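First comes the structure, then the notes that go with it.
The values are calculated or read from the model by the stated rules, or taken from the named source; none is laboratory data. Since the structure is predicted, the reported quantities are computational estimates derived from the model, not experimental observations. A quick note on method: Cβ atoms are made from the backbone with ideal geometry, for glycine too, and the neighbour counts reach across all protein chains shown. Calculation scope for accessible area: heavy atoms of the full protein, side chains included, ligands and nucleic acids excluded. Shrake-Rupley method; radii C 1.70, N 1.55, O 1.52, S 1.80 Å.
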Amino acid sequence: MSTYEQLLAQVVATAGEGETREVFDPATGDLIGIAPVQGVAELEAAIDRAEAAQPAWAALSDDERIAYLNRAADAIEAAAEPLAELLSREQGKPLNGPNARFEVGGCVAWTRAAAGTPLPVEVLIDDESGYAEMHYRPIGVVGAISPWNWPMMISIWQIAPSLRMGNTVVLKPAETTTLSVLALVKVMNEVLPEGVLNIVPGPGRTVGDALTRSPRIGKIMFTGSTPTGKRIIEASAPNVTRLTLELGGNDAGIVLPDVDPKEIAENLFWGAFINTGQTCAALKRLYVHDDVYDEVVEELAKVAANMPMGVGLEDQNVLGPLQNKAQFDIVDRLVESAKSSGARVVMGGDPDRDQPGYFYPTTLIADIDAHQDLVLEEQFGPALPIIRYSDVDEAVKLANELEVGLGASVWSSDRDKARELAARIQAGTVWINSHGGLHPMVPFGGAKQSGYGREFGTLGLKAVAEPQVVSG
Ligand code: TXE
């Protein structure tokens, strides 16, 4: 089993070997290592390898591919601690809480789920009108493009089902979390056959763009921002490349007047602040009924005050820095604009801008206008706007008025009432009395401009396959 130092040594760039980038710990500003930066030539070579390996991989039986995936999951599990440490240093998320160790555990769970989900041939008709069955064939080479917030787990969401279905993969990780994903792939490739899983660390605007334009890529799995998702749609259109797009969101939560504020406060907190707010389906705007507004804000602030933020490797911390300066600046700008609009700062909102890390304090902003920028734009960080409402129809209208619709939540002590309300909300998932929980068997994806296609479960496997009817 490797140590952290051994794992890091396997993925850092070798001196004098092409372009590189220094990687700094977002919590301390310390240098972690030097990452390789590759270009379009290396991408083409990776696609060559993936194309060469694909027929033999597809020719394996489903059971053989399942066995490979389970072995890959074992390998990740065996390297869990050094992987989590590297992730914590590079991404910034703490080891503990729902963070780095949790993310590596998620990689294992999702790989095993992609291996374990049954996908039998479906008989569509079998009567006097005819016979037809549905098969799910490999597409070929899948291009995967992952972001920096859950860099390992989201890469796994793209890789594992693609491999299960007989495709090979070329993965492009995000620029600022390259080392973590290189390490994950390194560990998986100890057990996978040569050429099946390939990684090209490079910029989105060159390598990512070329991947989405390549006629040799049959399907793109992308998680990232809506503007980049739209670029990918355009770039891939000439080849009619299949796409699964999990794009940004701005998830609403609606708290009904019948809740017990004390009881829901901790779930509200984690719904909004998991991964220090840098989560696609985090609670990003909270609408609370006037009857319980003050109490909900107070209870949420009490929970938030007890959640330590700091350097990820220190055991007590459950919140970390923003992953990069650009994201720190977005959160800072949006909170400053909320403050100058006259909204009430319940806690936080006062970052130390001269620190070496990108820490933004846990921030709750109350009595904010429903159309303030912090409500309308995705903050993707630890700053939650809490909007007061008195008419539930108005709250639903506000929840639905944005162009995005990844997740949403309804908070009530009456489950039937909450389910009725859920049906009126435009989002890919509506949680009741929690927000953001994912399960490898439950499809996940967005409505409206939060993307299209679904990941996980049977639907997720079908999404990385070419449906083929055999009839007669
Ligand atoms: O995203 P990008 P960024 C949101 C969040 C954040 C904003 C911008 O609000 O503030 O997006 O983040 C690659 N062709 N989310 O700039 O650019 C890029 O290299 C192909 C929500 O980091 O979408 C990276 O690997 N690929 C989101 C990946 O796309 C391209 C998670 C994502 O980067 C490309 C992250 C191109 N033209 C940010 N340009 C979520 N849904 O969870 C970039 N990339």
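What the table shows:
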item: Size of charge dipole - the range 251-439 - debye, nearest 20, with Cβ of Lys, Arg +1 and Asp, Glu -1, no other charges; result: 400 debye
item: Positive dipole terminus of the chain, leading residue within LEU119, PRO361, ALA418 (C-beta point charges); result: LEU119
item: Whole-angstrom Cα spans of the range 251-439 along principal axes, big to small; result: 48, 35, 29
item: Per residue accessible area in Å² of the chain, where ligands, DNA and RNA are left out and the probe is 1.4 Å; result: 39 Å²
item: Whole-percent carbon and sulfur share, accessible surface of the chain, 1.4 Å; result: 52 percent
item: Nearest-10 value in Å² for the accessible area of ARG216, using the 1.4 Å probe; result: 70 Å²
item: Check: the range 336-390 dipole with +1 on Lys, Arg Cβ and -1 on Asp, Glu Cβ, in debye; result: 200 debye
item: Estimated vicinal HN-Hα couplings, Hz - the range 412-418 in sequence order (Karplus 6.51, -1.76, 1.60; Gly, Pro = x); result: 7, 8, 10, 4, 5, 4, 5
item: Rounded to 5, percent antiparallel among DSSP beta bridges of the range 92-195; result: 50 percent
item: For peptides 359-369, 374-384, sequence by mean Cβ density within 10 Å, most packed first; result: 374-384, 359-369
item: Two-decimal log10 I(q)/I(0) for the range 295-392, as the Debye equation yields it once each C-alpha is a single scatterer, q = 0.15, 0.22, 0.23 Å⁻¹; result: -0.60, -1.18, -1.25
item: Mean Cα-pair separation over length for the chain, i.e. relative contact order, pairs under 8 Å, 6 or more apart, %; result: 18 percent
item: Using θ = phi - 60° and Karplus 6.51 cos²θ - 1.76 cosθ + 1.60, couplings along the range 257-267 (whole Hz; Gly, Pro as x); result: x, 8, 7, 9, x, 4, 5, 8, 4, 5, 5
item: Between 0 and 90°, nearest 10: helix 151-164 axis offset from the chain longest Cα axis; result: 40 degrees
item: Angle in degrees between helix 62-78 and the longest Cα principal axis of the chain, rounded to the nearest 10; result: 50 degrees
item: With eigenvalues of the C-alpha gyration tensor scaled by 5 and rooted, the range 204-288, Å; result: 38, 12, 9
item: Antiparallel DSSP beta bridges within the chain, as percent of all bridges there, nearest 5; result: 40 percent
item: Ranked by how many other beta carbons lie within 10 Å on average, peptides 173-183, 290-300, 204-214 from highest; result: 173-183, 204-214, 290-300
item: Amide H partners (placed H, <5 Å) of THR117, local residues excluded; result: none
item: When the chain is reduced to its Cα atoms, the Kirkwood hydrodynamic radius in Å; result: 23.0 Å
item: Estimated distance in nm for a label pair at GLU336 and ASP350, the labels positioned 7 Å out from Cα along Cα-to-Cβ; result: 1.7 nm
item: The chain, dipole about Cα centre (Lys/Arg Cβ +1, Asp/Glu Cβ -1), debye to the nearest 20; result: 960 debye
item: Ranked by how many other beta carbons lie within 10 Å on average, peptides 69-82, 399-412, 337-350 from highest; result: 399-412, 69-82, 337-350
item: Length gained when the stretch ALA15-HIS371 is fully extended (0.36 nm per residue, less Cα-Cα span); result: 123.1 nm
item: Over the chain: helical MRE at 222 nm, DSSP H runs n ≥ 4 each giving -39500 (n - 2.57), nearest 500; result: -12000 deg cm²/dmol
item: Nearest-ten-degree value, helix 178-189 long axis tilted from longest Cα axis of the chain; result: 40 degrees
